[in-house]
Amino acid sequence: MSNPELNDILCAIKQSCIELYQTVSNNNPFYLSSPVNSINSSSDTVLRVDLIANDIFHSILPQCPHIHGIISEEDKEPTYFPANQNAEYFIAFDPIDGSKNIENNITTGSIFCIFKYPYPIYDNDKNNKNRNEVRNEIEINDPYENIISDNQYERGINSGRDIVCAGYCLFGAHCQLLVSTKESTDLFTYNISTGLFELTIGQISLPNINPFYCINQGYSYLWYEESQLTAFIELQMMRGKSLRFVGSMVADVHRAIIKGGNFLYPSNSKHPNGRLRLLYEVYPMSFIFENIGGVAITDDNKPILDVYFPENWHQRSSILLFNNEDYEEFMAL
Ligand code: P6P
């Protein structure tokens, strides 16, 4: 990667993923899947492996001087690193997505996205501008009601369009890392004997075939009737497409990237704002899908990367990932 700062950040992420892969591989799956007596900010039951994974990232990422702050599914609030006060990158991650699947040995994985602040964190001495001047500039230029609150100012990020890199690391039959930037999306496979991630597929583009459709059809009784989504699902069934849904977003999305197809998690009457979390599940997978030639929209047809950076760190969102053929069919309904 041409950006040395991003390279350093990815090295820290790789190191975290390798340590987590080794931990997952070397421990009893039922021990890893045992619940600890707590729930996270999304009201999910926290499993031991969730905490182990979060601790690994929290121990390694701060050592990278280019990371200003991080937040994960298991954190209530972000952690900022005072030693990296002028760093310009913020990372959101799901330390181990689909952790409930560890005990039945189905692929899980870590998901991340890296934001670059649109402007450096001002330091009075260096930039002759203080935070308030910069904040006021933003407020004047921001025609929307949701003027940047202190928190958003701190993050300095407006939407998913400020993501510069996203990816995931799969823990399955192989440990595989996918890294996506606007320039390229590449898949690497961990070689246990060398301890390195080796390139498997470079410049990935989304197959324009759709042998499967992917949705939790068990929730169909919760879907909004007569919607475009229900019509699209009925069409897939009429066409005899196979349904694939393993309950680990990272595994389901990876199948669509490698074999073609889609990933659909619409909002429903139980989750009117969507089930998955915008910051560290929906944004990163949408960034990847757009980079490989796909479409990523909410179920009211808004490009997900245009959705404003959330005030609530764990805000949920619907997500519809399509290749172009699927998307045209969906929009014609
Ligand atoms: P449900 C895993 O817990 C996760 O966050 C995603 O990886 C997955 O797609 C989703 O939840 C599955 O949730 O309620 O459909 O089983």
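The values are calculated or read from the model by the stated rules, or taken from the named source; none is laboratory data. Note that this is a predicted model, so its numbers are computed, not measured. Note that each Cβ is placed from the backbone with ideal geometry, even for glycine, and that neighbours are counted across all protein chains shown.
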Breaking point among (1) among the aliphatic types (A, V, I, L, M); (2) within 21 Å of Ser286 (Cβ to Cβ); (3) in a strand (DSSP E or B), for Leu199
(2)
Could you grab me the full set of residues in region 297-333 that are in contact with a Gly (Cβ under 9 Å, 6 or more places away or on another chain), surrounded by 20 or more Cβ atoms within 10 Å (Cβ to Cβ) and assigned to a loop (DSSP other than H, G, I, E, B)?
Thr298, Asp299, Phe309, Ser318, Asn323
Tell me which of these His254 doesn't satisfy, since it passes every other one: (1) within 18 Å of Pro211 (Cα to Cα); (2) modelled with pLDDT of 95 or more; (3) in a loop (DSSP other than H, G, I, E, B).
(3)
For region 111-124, does any single residue satisfy the condition of being hydrophobic (A, V, I, L, M, F, W, C), touching a Ser or Thr at 6+ places or on another chain (Cβ under 6 Å) and either modelled with pLDDT of 95 or more or not in a helix (DSSP H, G or I) (or both)?
no
Out of (1) surrounded by fewer than 17 Cβ atoms within 10 Å (Cβ to Cβ); (2) in contact (Cβ under 8 Å) with a residue 60 or more places away in the chain; (3) within 16 Å of the ligand (Cβ to nearest atom), the odd one out for Phe171 is which?
(1)
Residue hits (region 185-199; more than 17 Å from the chain's Cα centre (by Cα) and either of a type in the set (Gly, Ala, Ser) or surrounded by 15 or more Cβ atoms within 10 Å (Cβ to Cβ) (or both)) are Phe188, Thr189, Tyr190, Ser193, Gly195, Phe197
Looking at region 253-285, which of the residues that are within 11 Å of the ligand (Cβ to nearest atom) and closer than 22 Å to Asn54 by Cβ is surrounded by the most Cβ atoms within 10 Å (Cβ to Cβ)?
Met285
Odd one out for Phe322, checked against (1) under 27 Å from Gln176 (Cβ atoms); (2) of a type in the set (Phe, Trp, Tyr); (3) within 14 Å of the ligand (Cβ to nearest atom):
(3)
What residue, among those in region 66-110 that are in a loop (DSSP other than H, G, I, E, B) and surrounded by fewer than 16 Cβ atoms within 10 Å (Cβ to Cβ), is nearest to the ligand (Cβ to nearest atom)?
Ile106
Pick from Val36, Val49: which is part of a helix (DSSP H, G or I) and either under 26 Å from Gly69 (Cβ atoms) or at pLDDT 95 or above (or both)?
Val49
All positions within region 257-296 that are assigned to a strand (DSSP E or B) and among the charged types (D, E, K, R):
Arg277
Of (1) more than 13 Å from the ligand (Cβ to nearest atom); (2) of a type in the set (A, V, I, L, M); (3) in contact with an Asp or Glu (Cβ under 8 Å, 6 or more places away or on another chain); (4) touching a residue at least 40 places away in the same chain (Cβ under 8 Å), Ile288 fails just (3)
Note on region 209-235: residues out of contact with any helix residue (DSSP H, G or I) (no Cβ under 9 Å at 6 or more places or on another chain) and more than 16 Å from the ligand (Cβ to nearest atom) are Glu225, Glu226, Ser227, Glu234
Return the only residue of Leu32, Leu61 being closer than 24 Å to Pro4 by Cα and in contact (Cβ under 8 Å) with a residue 40 or more places away in the chain.
Leu61
Taking interchain pairs and intrachain pairs at least six residues apart, which have beta carbon atoms under 7 angstrom, with the first residue in region 208-224 and closer than 8 Å to Gly261 by Cα and the second within 10 Å of the ligand (Cβ to nearest atom) and assigned to a helix (DSSP H, G or I)?
Cys214/Asp252
Suppose we filter region 210-242 for residues that are closer than 22 Å to Lys270 by Cα and not in a helix (DSSP H, G or I); how many remain?
9
